[in-house]
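First the structure, in the form of structure tokens, and then the observations on it.
The values are calculated or read from the model by the stated rules, or taken from the named source; none is laboratory data. These numbers were taken from a predicted model, which means no experiment stands behind them. Ideal geometry is used to build each Cβ from the backbone, glycine not excepted, and the neighbour counts take in all protein chains shown. Heavy atoms of the whole protein, side chains included, go into the accessibility calculation; ligands, DNA and RNA do not. Shrake-Rupley method; radii C 1.70, N 1.55, O 1.52, S 1.80 Å.
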Amino acid sequence: MMSFAISADVIGTANARLEEALAEDYDALGRQLARRGIPIEEVTERAMGFAVAVPTWGVGTGGTRFARFPGPGEPRHIHDKLEDCGVINQLTRATPTVSPHFPWDKVSDYNALRQEAASHELGFDAVNSNTFQDQKAQPLSYKFGSLTHVDAGTRRQAVEHNLECIEIGRQLGSTALTVWIADGSNFPGQLNLNAAFDRYVESLRLIYDALPRDWLVFLEHKLYEPAFYSTVISDWGSSFMAALELGPKARCLVDLGHHAPNTNIEQIVARLIRAGKLAGFHFNDSKYGDDDLDSGSIDPFRLFLVFNELVDAELRKAEGFAPAYMIDQSHNVTDPIESLMASAVEIQRAFVQASLVDRAALDAAQEISDVMGGHRLIKQAFITDVSPILAEARRRKGGAIDPLSLYRESGYRAAKTRERPPVESTSAGIV
């Protein structure tokens, strides 16, 4: 059976219905921005150059500790995942790379997988290791830790898995390894807190030394869960300490949901940029904790403020500034493709809005402690509706003016439901 795909003709036909209205909105926004001394064409070019990676596990239905409700037509393996990720990029033109997770995405021929991804106009971003779950036929368990386990054999097993991920990533054309561990404790007295950190650095040193010359390792922290009393790499300070000890190829990854409530994440971003240790981001949104909600769905202003620091660093050419961007969400009640498309648009929106800030005027306001003046400049950029710029950027790159509506009209999900029989288990989604 031929696999269903959305054709360029379908996109062209859908866009033709919307082009006149888009042109009106784009021209109106252009006049508004011109009054502020901002050429809209320059902003559109910036929008066209923006990219964020999609995680292969994100196109599957997620879940919670209580339940997972599989969705229709969800991917059964990496080949289905690449197909879905390709559609996201086809319509949004903002997600040209995917981030795979191993062993979930293992295959026998990685050169063939790289070619398959290219057929969907995709490349590979950072590869992710998994030592937070026990796999089938795994000799030693990670129940009480992996890279920080008290048993040297278990630590060695976790290190070897990461070394395997580096080799897979090398074949796929990746240049970074992301390491997140669930290691920690649930009871006081369960773990020697300093000794666990020492074992982490010792294990990471073995991984770090095996990195190819042009590779980086991204150290990901998380405040809690599944370790509820202490987590070995719980915050940006712990991640930063480890990265400093390891060397210049170790950077700190920021997941927007991995912080204490009300943490000033944009200030953390500024500090890591200053230290030259910002690896990049896992984008999502949060209401109560590590909720993994759709990016921009809860607190779009916080997402904007993060990008305000990122754009500032880019424009002043901060040393070593080259962040990697990836979406990291769990889609429990939505179609994952719809959520990932919407999130890609919202992340791109925050980037474009932050690009509208009058940096010279902001610097001047800050120099004379003009509090309200500086705040108004930030809010002016945030409340500007840049939707016409985003839509025009998609149109010019061959994407959809209205990607979500086109996706629904195309019947893609219904077609994949017919093509993909349900399976008992899947490596897609986060539980």
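How many residues, within segment 119-156, are open to solvent by less than 60 Å² (accessible area, probe 1.4 Å) and of a type outside the set (S, T, N, Q)?
14
Looking only at segment 1-26, which residues are free of Cβ contacts under 8 Å to residues at least 12 places away in the same chain, open to solvent by 70 Å² or more (accessible area, probe 1.4 Å) and assigned to a helix (DSSP H, G or I)?
Selection gives 9, 13, 17, 20, 24.
Scan segment 247-268 residue by residue and report those that are surrounded by 14 or more Cβ atoms within 10 Å (Cβ to Cβ), among the small types (Gly, Ala, Ser) and over 20 Å from residue 319 (Cβ atoms).
Answer for segment 247-268, where residues must be surrounded by 14 or more Cβ atoms within 10 Å (Cβ to Cβ), among the small types (Gly, Ala, Ser) and over 20 Å from residue 319 (Cβ atoms): just 257.
Show the residue pairs that are 6+ apart or on different chains and have beta-carbon atoms under 7 Å apart, the first residue being within segment 170-190 and on the phi < 0 side of the Ramachandran plot and at pLDDT below 95, the second being open to solvent by 50 Å² or more (accessible area, probe 1.4 Å) and in a loop (DSSP other than H, G, I, E, B).
none
Scanning for something of a type in the set (S, T, N, Q) and without any contact (Cβ under 8 Å) to a residue 40 or more places away in the chain, does segment 35-46 turn up at least one residue?
Looking for residues that are of a type in the set (S, T, N, Q) and without any contact (Cβ under 8 Å) to a residue 40 or more places away in the chain, one finds none in segment 35-46, hence no.
Give 98, 107, 159 a once-over and let me know the one that is in a loop (DSSP other than H, G, I, E, B) and either surrounded by fewer than 23 Cβ atoms within 10 Å (Cβ to Cβ) or of a type outside the set (Lys, Arg) (or both).
When all the criteria are applied, what remains is 107.
Among the residues of segment 184-201 satisfying the criterion of being in contact with a Phe, Trp or Tyr (Cβ under 9 Å, 6 or more places away or on another chain) and not aliphatic (A, V, I, L, M), which is most open to solvent (accessible area, probe 1.4 Å)?
Per the criteria, the residue is 187.
Taking the options 377, 362, 315, name whichever one is touching a Ser or Thr at 6+ places or on another chain (Cβ under 9 Å), open to solvent by 10 Å² or more (accessible area, probe 1.4 Å) and modelled with pLDDT of 95 or more.
That would be 315, the only listed residue that is touching a Ser or Thr at 6+ places or on another chain (Cβ under 9 Å), open to solvent by 10 Å² or more (accessible area, probe 1.4 Å) and modelled with pLDDT of 95 or more.
Only one of 219, 204, 223, 244 is in a loop (DSSP other than H, G, I, E, B), out of contact with any Phe, Trp or Tyr (no Cβ under 6 Å at 6 or more places or on another chain) and either open to solvent by less than 70 Å² (accessible area, probe 1.4 Å) or modelled with pLDDT of 95 or more (or both). Can you tell me which?
223
Under 9 Å between Cβ atoms, at least 6 apart or on separate chains: pull out the pairs that start in segment 98-121 with a residue that is touching a residue at least 60 places away in the same chain (Cβ under 8 Å) and more than 18 Å from residue 337 (Cβ to Cβ) and end on any residue that is among the polar types (S, T, N, Q) and surrounded by fewer than 19 Cβ atoms within 10 Å (Cβ to Cβ).
Note: pairs meeting the criteria are 110/171; 111/171.
Tell me which residues, restricted to segment 293-310, are open to solvent by less than 20 Å² (accessible area, probe 1.4 Å) and out of contact with any Phe, Trp or Tyr (no Cβ under 7 Å at 6 or more places or on another chain).
Matches in segment 293-310: 296, 303, 306, 308, 310.
Restricting to segment 41-95, name every residue that is open to solvent by less than 10 Å² (accessible area, probe 1.4 Å), touching a strand residue (DSSP E or B) at 6+ places or on another chain (Cβ under 7 Å) and assigned to a loop (DSSP other than H, G, I, E, B).
Answer for segment 41-95, where residues must be open to solvent by less than 10 Å² (accessible area, probe 1.4 Å), touching a strand residue (DSSP E or B) at 6+ places or on another chain (Cβ under 7 Å) and assigned to a loop (DSSP other than H, G, I, E, B): 52, 62, 95.
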